[in-house]
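Read the structure below first, then the notes.
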Protein chains: 2
Amino acid sequence: MVIELSEELDVPSPLKQLNLEPYDRVRIIKGHMIYEGLLMPKTEILGDEYVMIKMDNGYNIGFRLSEVRVELIAKKHAVKFEDRRPLELKVDLPKVVVLGTGGTIASKVEYKTGAVYPSLSAEDLYEAIPELSEIASISTRTLFNILSEDMRPEYWSVIAKAIAEEVVKGDVSGVVVAHGTDTMGYTAAALSFALQRLPVPVVLVGAQRSSDRPSSDAALNMLGAVLVAARAPFAEVAVVMHESTSDESLVVLRGTKVRKCHTSRRDAFKPVNDTPLARVVRGRELVVLAKGLRPRSEDRKDLKVYANFDARAALIKVYPGIPPEAIEWPIHVGYRGVVIEGTGLGHAPSYAFSSIKKFMDHGIVVAMTSQCIWGRVNMNVYRTGVELLRMGVIPCEDMHPETALVKMMWCLANARDEEEVKRLMMTNIAGEINPRTEYRGVLGE
Amino acid sequence: MVIELSEELDVPSPLKQLNLEPYDRVRIIKGHMIYEGLLMPKTEILGDEYVMIKMDNGYNIGFRLSEVRVELIAKKHAVKFEDRRPLELKVDLPKVVVLGTGGTIASKVEYKTGAVYPSLSAEDLYEAIPELSEIASISTRTLFNILSEDMRPEYWSVIAKAIAEEVVKGDVSGVVVAHGTDTMGYTAAALSFALQRLPVPVVLVGAQRSSDRPSSDAALNMLGAVLVAARAPFAEVAVVMHESTSDESLVVLRGTKVRKCHTSRRDAFKPVNDTPLARVVRGRELVVLAKGLRPRSEDRKDLKVYANFDARAALIKVYPGIPPEAIEWPIHVGYRGVVIEGTGLGHAPSYAFSSIKKFMDHGIVVAMTSQCIWGRVNMNVYRTGVELLRMGVIPCEDMHPETALVKMMWCLANARDEEEVKRLMMTNIAGEINPRTEYRGVLGE
């Protein structure tokens, strides 16, 4: 497995000849228009033909180099660590480990230059969020630095094992995982299945707006995540993000029941068929909302780690006119499981049934979820559902499709045989199946 | 094209020998348990080995015939149409045509027997919903009778053409399309693109609970749909369904901006990145909420019908670990368009880029939406997005994935060439693209 630990930063060749470096402040002149911003590093796709700058409003803009003139305004400043005031931490603060995986939350913006670079040192965190020094004694560890859209099931294993190491070896009160928001819901589900009988909270946290933007949620989210990891009375895998568009409160959402439901809003993460576990009010008070949460435990050795995932599972969303090829490809690549995002209560077009039967003939486990996202699959109501059940399709109850996919990958890696995969898929393992539909409805109304 | 117009109803052979017929009331004896209900017709999959009954609570339950004894309680009753009181309609009521396509809303339950059968006569509607006789002079026409999970793009064309016929030939004030809820959002989008310069409203309506259940929403939804078709001052394609769990109000939602967001709740249909067009209060009052709606017009000939869809377009949802085979299959079956359900602001894993490049090499148009569903795609913010834009991927703005797929199928059938498909995808045609993100947020909060 290859994990991109950091990127080599470079600028397009024509700009290198001008002695420009990434994050220098530059002026781009195109015809009568002048743009100012920070010179962004070149990428494989942009290559030497394009130049991109990050403007002061936080947005990037790209230009064809042949059409513009680029001028230096100011060289980037080196970060002067010696400028920092020494930290005076309280003694006996709870210990929290922050694991970095990449994403906006793990990017530090140097305010003097505006440059964004991966950084997750405890010093950086205390400097950016002084309140942390009242809450926890923080150590950090960067596992890798990827955009979360590049997440893979094998990286979930790396994260799970790293958390287990920290939990078992030491006296940490909780673990925070800094993660890009794009796939944070998938990873939260993965860790929920991989880490069982947890003695301390594991908190995933991200940021929807980078810390160079006035509306950034990075600092408050991190503060809340560390607070939950340090002090929460429950030992659950959870996501901490903004509850609304205001900075008034953060929500703590169950790892198997959380989903990114907005591209850009700070309150993008919503519970699906679940209520929030807790709320962090004004970055200080933790209010527990849910009942029956797993309590903290002193017995670190009790932790069970099932960190393997078998990525040979597919997520297939059906739609009007879906052709057999869109469904049957997992057979040809030797996949072992398929999660269908059906319509309504868990239906697929009857013209897709022969494809689904082929899965059965190839020993592929098929599970049904709903593209409605909210609500519970009930395949007993209409003929299509009943026929799918008869074929052996597993109803995923009130699991949303992404959690069902992650669970399928986990079951395939950890069950002894196909029958155990099916049994586990229908068994509540990490809060992913609520025993009954409470008709809490869309977004917990 | 073959459309299943109605099903031949039959019972499993062993029961036929007992002179049992579909919808007879029967008793099933299994060991010490006795179940009562209506004998359901046999299906291809259930075949002669199984028997299914509909119990009085509205749910179906199936048994292996070899394990039970089946006894007749009462023969089904014939519906006596002569029992009905003659209708006394007001004169000069607006004319509304109700087109039947199938689904729960178009099923009539005969209360004497509990039998469910496809029915959509004006007499049935007036009998079930007496208030209708104050609102409209209704005629009905059954186009086909399918479960909506079996909907196909070619059926959208049939519906669009039938609506156009009714609108152009006559003096109808509006058209109602009775539709199963599973794929009603897709069809609503399809009709929005197919029927342009509409002179009257076109209202899709469904029911989440069949009319044999106490909580059925069938009657109120149909009442609201006919009211909107008859009286709304706007000529838009819209969906009418419950606004909340109460019967207090119905919402009227734009056809390109509506999505089924709950498997079973009556208020499952929500606007995505949009506000409701109107509200129907207590089944009587119509309150218009949105501005800039297309007004009714007297000029029926102004209607433009573009009823064709090219089904060679795929919807692909990306997820951690998605393999090339899950992405590239459209190339091998000669597809012309792909809508990606990316993560976050419109991203795909960088390990999927080579597959996406292959689409470009094969002249396949690729468009990007977000699996977040709410919010707007913005591919300028992060590197992954910028690189996808550079490859030629089209950002679908604030369209949700299902509407983008329907639009792609429509563009492929109606544009002259690939460039026009791309241009149309980025042009607002039927309210599917809001010119700017209003950060109305998830579910219009």
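Structure data summary
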item: Summed residue charge, Cβ within 12 Å of residue B:301's Cβ, Lys/Arg positive, Asp/Glu negative; result: +1
item: Proxy reagent accessibility, fewest Cβ within 10 Å first, across B:96, A:26, A:158; result: A:158, A:26, B:96
item: Stokes-Einstein D for the range B:81-305, Kirkwood Rh over Cα pairs, 10 °C, 1.306 mPa s (µm²/s); result: 93
item: Per-copy distances of the residue B:121 label point, shortest first, in nm (7 angstrom along Cα→Cβ); result: 8.4
item: Residue among B:367, B:269, B:295 farthest towards the positive dipole end of the range B:264-384, charges placed on Cβ; result: B:295
item: Neighbour-count ranking [beta-carbon atoms within 10 angstrom, fewest first] of B:288, B:68; result: B:288, B:68
item: R0 of 41 Å, Cβ-Cβ distance residue A:93-residue A:244: FRET efficiency to nearest 0.05; result: 0.90
item: Approximate spin-label separation residue B:61-residue A:10, in nm, with each point projected 7 Å along Cα-to-Cβ; result: 7.1
item: Relative contact order (%) - the range B:298-374, alpha-carbon pairs under 8 angstrom, separation at least six; result: 32
item: Sorted largest first, extent of chain B alpha carbons per principal axis (Å); result: 70, 57, 40
item: Histogram of C-alpha separations across the range A:14-74, 5 Å bin width, %; result: 4, 20, 34, 30, 11, 2
item: Exposure proxy order (Cβ contacts within 10 Å, fewest to most) of B:104, B:275, B:343; result: B:275, B:104, B:343
item: Under 15 Å from the Cα of residue B:16 - aspartates and glutamates, other chains or at least 8 residues apart; result: B:8, B:24, B:48, B:49, B:71
item: Of the DSSP H helices in chain B, those whose Cα atoms cover at least 18 Å axially and whose Kyte score averages -1.0 or more; result: B:153-169, B:218-231, B:401-414
item: For the range A:279-320, convex hull volume per residue from C-alpha positions, Å³; result: 234
item: Label geometry 7 Å along the beta-carbon vector: residue A:360 inter-copy distances in nm; result: 4.4
item: Environment charge at residue A:32 (Cβ cut-off 14 Å; Lys +1, Arg +1, Asp -1, Glu -1); result: +2
item: Principal axis dimensions, largest first and in whole angstrom, of the range A:326-432 by Cα; result: 33, 33, 21
item: Of A:54/A:257; A:42/A:169; A:161/B:257; A:161/A:291, pairs whose Cα-Cα distance is over 32 Å; result: A:54/A:257; A:42/A:169; A:161/B:257
item: Approximate spin-label separation residue B:197-residue B:306, in nm, with each point projected 7 Å along Cα-to-Cβ; result: 1.3
item: Per-copy distances of the residue B:427 label point, shortest first, in nm (7 angstrom along Cα→Cβ); result: 5.8
item: Descending semi-axes in Å of the protein assembly as shown, equivalent ellipsoid built from Cα gyration tensor; result: 49, 34, 25
item: Pairwise label distance in nanometres, residue B:71 with residue B:27, each label 7 Å out on the Cα-Cβ vector; result: 0.3
item: Helix-only CD estimate at 222 nm, as mean residue ellipticity for chain A, using -39500 (n - 2.57) per DSSP H run (n ≥ 4); result: -7000 deg cm²/dmol
item: At R0 = 51 Å, FRET efficiency that the Cβ-Cβ distance of residue A:169 and residue B:275 yields, to 0.05; result: 0.45
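Every number in this text was worked out from the coordinates using simple rules, so none of it is lab data. Treat the numbers as computed from the prediction; the structure is a model and nothing was measured. Positions of Cβ are backbone-derived with ideal geometry, glycine not excepted, and every protein chain shown enters the neighbour counts.
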